[in-house]
Amino acid sequence: MGPVSSNFWNNLTNETIFMKTPPALFTFSATRACISSMLAATALAAAAPTMEDFYQREEIPLPEGEVMEGASISIIDDKRVALATRRGDVWICDGAFGEDLSKVTWSKFASGLHEPLGMSHKDGWFTFTQRPDVSRMRDSDGDGRADQFVTVAAPWGINGDYHEYAFGTPPDKDGNVWVVLCLTGSFNANSPWRGWCFRITPDGKSIPTCSGIRSPGGIGFNMEGDVFYCDNQGTWNGSSSLKHLKPGGFVGNPNGNKFWEQAPNMGPKPAEPKSGSRIETERKRIPQLVPTAVWLPHGKLGQSPTGIIPDDTKGAFGPFAGQVLVGEQTHSQVQRVFLEKINGVYQGAAFPFLGGYRSGIVPLRLAADGSLFVGTTNRGWGARGGLPFSFERTRWNGKVPFEIHEMRITKDGFELTFTEEIDPKTAGDKASYSMNSWTYVYQSGYGSPEVDKTAQAIESVTVGADKKSVRLKVANRQAGHCHHLKSAGVRSKSGGELWHQNAYYTINEFPK
């Protein structure tokens, strides 16, 4: 039903003037009320869900005149957050959890760090990963400034190339910091151990852990404590992706494998991959090759993935507790990832999630109360949002969005669970869904188009007894492919449409 013109109302009014009896007037009033109700219902149904319906994003005011490009974030307590900048300063923000963010105050804790891309705080000490090392610092005399600095380990090399980044995690359950090292210029290993992952123990021991890294944008844990990093599209990376750092594994780019002989703990050196092949083909030939856990399709789901955090807030940040959140620099977004392990190999689904940030996200951290803090920068690369940098907070307002909650592989298709009860008619209709898939050329050249494209037929849909799940029987699923599911026709029990209709599931293994 389209918009109603003023002539429509005028015609109704003019007709009523000439009606002589009260019933005619009552009929007009009832008709007008009925039409108004129809218009309101139509407008409500047409209003698509937006982020503002569920999550509140707020900018935190920054110290005037300071360049605050976000590099890493650490939660100190329920009042204070530390932000380390790409230019090497560490600031403490007091009041970051308050209702009135205009009242926050900032104090500089340290300066002179070398691109600290990873930081955590415990017992008065900050542990941070910077370009040349993993170090610790603290304020020993209580004046609010760091005065004690200790280098924990520095096993890798740097040569001045701008792209030799080092990203580090908070300590894992054993106290180890995991570090991923970008290749020189993102193409070569011209400094020691470029293209590798290390574990740095609390006593400073350096353990080579994985090879095959190209250009990481962040590193972090899932809820099980396993470690993942985001690699960017480029050589031997057809698209950006989330990859599992399995100790002893090779994650795809062979340029750093020349250091393999210096890591006797790693076992035999992997064979050289064949350029122009496919990961699914090469992993059958190279036992150490760990396949991409989740493709983040270039252009469709961002194009520069960054920080990784688990939602460990037990529901304080919404209905996705236990899943993984991934930052995105170019599109200034946060994506959501559901992971599962099939036959010992990680795979899963990526979903669009949060957007509208004022610049490109690099670090992100969740506090226990459900406050998500992000630090941003365009760093000259460019990013959506219009600002060169920002520091922002996002909180859930308690309203549950209608979304695909999980997407699991089954023996004959996929099982979807939803955050709300579904309308059985639309959710049980094959026409509500469509699926296609593709993979990428595994090659030494830069990136890849989407290749080996296939269409998947939704053969049947079974609605679960819980009215919050469906099982899709799907023909022609492909190992090694990213499967794009669009659920355009699905509606909730109350008639609402999905906030996000698209999901991208990567298949490495089929259930046995």
| said: Looking only at residues that are in contact with a strand residue (DSSP E or B) (Cβ under 6 Å, 6 or more places away or on another chain) and small (Gly, Ala, Ser) in segment 145-158, which one is farthest from Pro171 (Cα to Cα)? | reply: Ala146
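Which of the following residues is surrounded by fewer than 23 Cβ atoms within 10 Å (Cβ to Cβ) and closer than 19 Å to Trp438 by Cβ: Gly234, Gly225, Gly249? Please lay out each step first, then the result.
On the way: Gly225 fails: closer than 19 Å to Trp438 by Cβ; Gly249 fails: closer than 19 Å to Trp438 by Cβ.
Only one candidate passes the filter, namely Gly234.
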| query | Looking at segment 149-165, which of its residues are in contact with an Asp or Glu (Cβ under 8 Å, 6 or more places away or on another chain) and either modelled with pLDDT under 95 or closer than 16 Å to Thr127 by Cβ (or both)? | reply | Thr151, Val152, Ala153, Ala154
| field | segment 208-237, subset in a loop (DSSP other than H, G, I, E, B) and within 20 Å of Leu339 (Cβ to Cβ), residue farthest from the chain's Cα centre (by Cα) | value | Gly212
| note | Scanning segment 457-473 residue by residue, those in a strand (DSSP E or B) and over 26 Å from the mean Cα position of the chain (by Cα) turn out to be Ala457, Ile458, Glu459, Ser460, Val461, Thr462, Val463, Lys473
| remark: (1) under 19 Å from Ala368 (Cα atoms); (2) part of a loop (DSSP other than H, G, I, E, B); (3) aliphatic (A, V, I, L, M) all hold for Met68 apart from (1)
| Quick check: anything in segment 437-445 modelled with pLDDT of 95 or more, outside any strand (DSSP E or B) and crowded, with 21+ Cβ neighbours inside 10 Å? | no
| query | Restricting segment 77-94 to residues that are in contact (Cβ under 8 Å) with a residue 24 or more places away in the chain and surrounded by fewer than 17 Cβ atoms within 10 Å (Cβ to Cβ), which is nearest to Pro388 (Cα to Cα)? | reply | Gly88
| Here are some residues: Val294, Val334. Which one is of a type in the set (A, V, I, L, M, F, W, C), in contact with a Leu (Cβ under 9 Å, 6 or more places away or on another chain) and under 22 Å from Ile75 (Cα atoms)? | Val334
| query | How many of the residues in segment 261-278 are out of contact with any helix residue (DSSP H, G or I) (no Cβ under 8 Å at 6 or more places or on another chain), over 23 Å from Thr439 (Cα atoms) and in contact (Cβ under 8 Å) with a residue 24 or more places away in the chain? | reply | 3
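Based on what the data block shows, is Phe353 crowded, with 20+ Cβ neighbours inside 10 Å, within 22 Å of Phe389 (Cα to Cα) and touching a His at 6+ places or on another chain (Cβ under 9 Å)?
Values: crowded, with 20+ Cβ neighbours inside 10 Å: yes; within 22 Å of Phe389 (Cα to Cα): yes; touching a His at 6+ places or on another chain (Cβ under 9 Å): yes.
Yes, satisfied.
The values are calculated or read from the model by the stated rules, or taken from the named source; none is laboratory data. Small disclaimer: the values here were computed from a predicted structure and weren't measured. Reconstructed Cβ throughout: ideal geometry from the backbone, glycine too, with neighbour counts over all protein chains shown.
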